[in-house]
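Chemist: Just dropping this structure here.
No value in this document is a laboratory result; all are computed from the given coordinates. Note that the structure is a prediction, hence the values are computed from the model and not measured. Cβ atoms come from the backbone with ideal geometry, glycine included; neighbour counts cover every protein chain shown.
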Amino acid sequence: MDYRDRITIEPGKRGGKPCIRGMRITVYEVLDYLASGMTQEQLLADFPYLVAEDIQACLAYAADRNDKQWAQCHFSRLPRPVEPPTSIIDLLGTALAHDRPIATRYLLLLPR
């Protein structure tokens, strides 16, 4: 499901939080209701202007946002090499600086 058809973000509405189809109910409110134990059927009964696809769009939005945040957080921590290593020794030196146990295992494999 492509949530972009149902989830809208308007700066002047609900503080710019993602809302469902331009209405004043946010994605986070729907997710909070689900997290508190409400079933989809209960949610649809309490909010008759919502449809099942709206709830699925909220879940898809949350999953996509989580993936993007995870990637941004973890990939920003990777070391940025100034220049590519020219030899196995340079490569192992870089690995040793960042992950000693793995680099040590490789150093033990080098011929003496």
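Chemist: Per residue of the range 27-34, in order, report the coupling 6.51 cos²θ - 1.76 cosθ + 1.60 (Karplus, θ = phi - 60°) as ³J(HN,Hα) in whole Hz, putting x for Gly and Pro.
Modeler: 4, 5, 5, 4, 5, 5, 4, 5
Chemist: Still on this structure: What is the dipole size for the range 3-75, taken about its Cα centre, with +1 at each Lys and Arg Cβ and -1 at each Asp and Glu Cβ, in debye to the nearest 20?
Modeler: Working: 9 positive and 10 negative charges, 72 e Å.
It comes to approximately 340 debye.
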